[in-house]
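These notes concern the structure reproduced below.
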Amino acid sequence: MDNPPPSAAPAPGQQPDPHRAYQMFPVLTGADVERVRRFGEPHHVKDGAFLIQAGQKSRGLFLLVKGHITVTQRDGLGRSVPYHEYCPGEFLAEAGTLYGGSSLVDAQSVGDVEGILVVPDQLRALIIAEADLGERIMRALILRRVSLIQAGASGATLIGAVGSASVLRLQNFLQRNGQPHHVVTGDEDPVAAQLLVQYGAAAAEAVGVWYWASGLEAKMCAGCEVVLVGGGNSAGQAAVFLSAHAAKVHMMIRGPGLAASMSRYLIDRIEAAPNIQLWTNTELVELEGQLPSGLSSVKWREGGKDGTLHERELRNVFLFVGADPETRWLEGCGIAVDKTGFVLTGTDAVTGKDGQVLPDRLPNPFETSVRGAFAVGDVRAGSVKRVGGAIGDGAAAVALIHQHLAALDAK
């Protein structure tokens, strides 16, 4: 087919290009249907019956041969929104179907329906055995999952006041974990407004100092001045990102400059941003505010103990000053840590007080002072505190773990 079928509709509020919609809802040919039939079983559904409902475990991919299926998604307030009407040749499934995950939509038959049900195990076999067809199916499954997550289909509904910090934290958590959700505020939905009053949450909550900077936080401080404390790469990336949204970013560091702690390319971008002001030899000294209005003003001192005190009416502070390792649970198990609590690995972990490597211990880059215990990522002393570095550590450690296990089997 050169043109997408007219029924191929994206999730509510989404308007993908026609090619993307066609990829989401491909119509299989007669030959393709027969290829699918080898992996499934005939399945009949009576008029008005549900093939699947939101929250139920998926039974597998359903290829429609006769009849129609109407799919709707719920918004969490008892309302259903049309998603797509499936016609013969189309299949009902999304990426979660591959492992029997819970459905994000309701699917109801329109008239008596006949089709082919392919259970998850057989669906995975089909995708591998029928490479070209499997690629088309897999693309559709992924695109549908993405659109349903973006639309918040049958996921959590967050109800809160405009500017609620608690709602923003929950939204950020769900978004980072790829969970469908949507936010409803009292000013846009009368039902939500009534619930807010009923549960005493109508007033906006305090705007609770940020430790990250994503698109959600950027919306909260759009057009405002913000304070950002920190001089590492994470702080630099956050400052550049926020400068595209905030009226001004006051970036504060205790040292004389950024060169010792930040990559050159970030320093150049910060210097080129007209609305980023770098405060050197500066410390944050006081935050003022009260509930429910939240943070109202910020004080900082420039130039050391007897330096100049500045005060501004600001409602958002971003802290990028590093973190303490969560390693207290290791106490008593023999794993050595440095003076700040980061786990020692490699040569550092097997070196005695005299500076000599302990007997019978060859330095291993990620092995701790306890044989067979490995540490990777931010918790490891001396590691690059970046996601890419942690991924690299983990990949290398896997091979070392296999070597360790093989050595044990050989004994």
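Values for this structure:
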{"item": "Residue match in the range 21-34 (condition: in a loop (DSSP other than H, G, I, E, B) and open to solvent by 40 Å² or more (accessible area, probe 1.4 Å))", "result": "yes"}
{"item": "Members of the range 274-296 that are surrounded by 16 or more Cβ atoms within 10 Å (Cβ to Cβ) and touching a helix residue (DSSP H, G or I) at 6+ places or on another chain (Cβ under 6 Å)", "result": "276"}
{"item": "Candidates 186, 230, filtered to the one that is modelled with pLDDT under 75 and either open to solvent by less than 60 Å² (accessible area, probe 1.4 Å) or hydroxyl-bearing (Ser, Thr, Tyr) (or both)", "result": "186"}
{"item": "In the range 297-346, the residues that are of a type in the set (D, E, K, R), open to solvent by 80 Å² or more (accessible area, probe 1.4 Å) and either in contact with a strand residue (DSSP E or B) (Cβ under 7 Å, 6 or more places away or on another chain) or part of a loop (DSSP other than H, G, I, E, B) (or both)", "result": "305, 306, 311, 312, 313, 315, 324, 326, 331, 339"}
{"item": "Residue 261 part of a loop (DSSP other than H, G, I, E, B), at pLDDT below 90 and among the hydroxyl-bearing types (Ser, Thr, Tyr)", "result": "yes"}
{"item": "Exclusive hit being at pLDDT below 80 and under 21 Å from residue 212 (Cβ atoms), set 161, 156", "result": "156"}
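The values are calculated or read from the model by the stated rules, or taken from the named source; none is laboratory data. None of these values were measured; they are calculated from a predicted model. Note: ideal-geometry Cβ built from the backbone for every residue, glycine included; neighbour counts use all protein chains shown. In case anyone asks, the SASA skips ligands and DNA or RNA and just uses the protein heavy atoms, side chains included. Shrake-Rupley method; radii C 1.70, N 1.55, O 1.52, S 1.80 Å.
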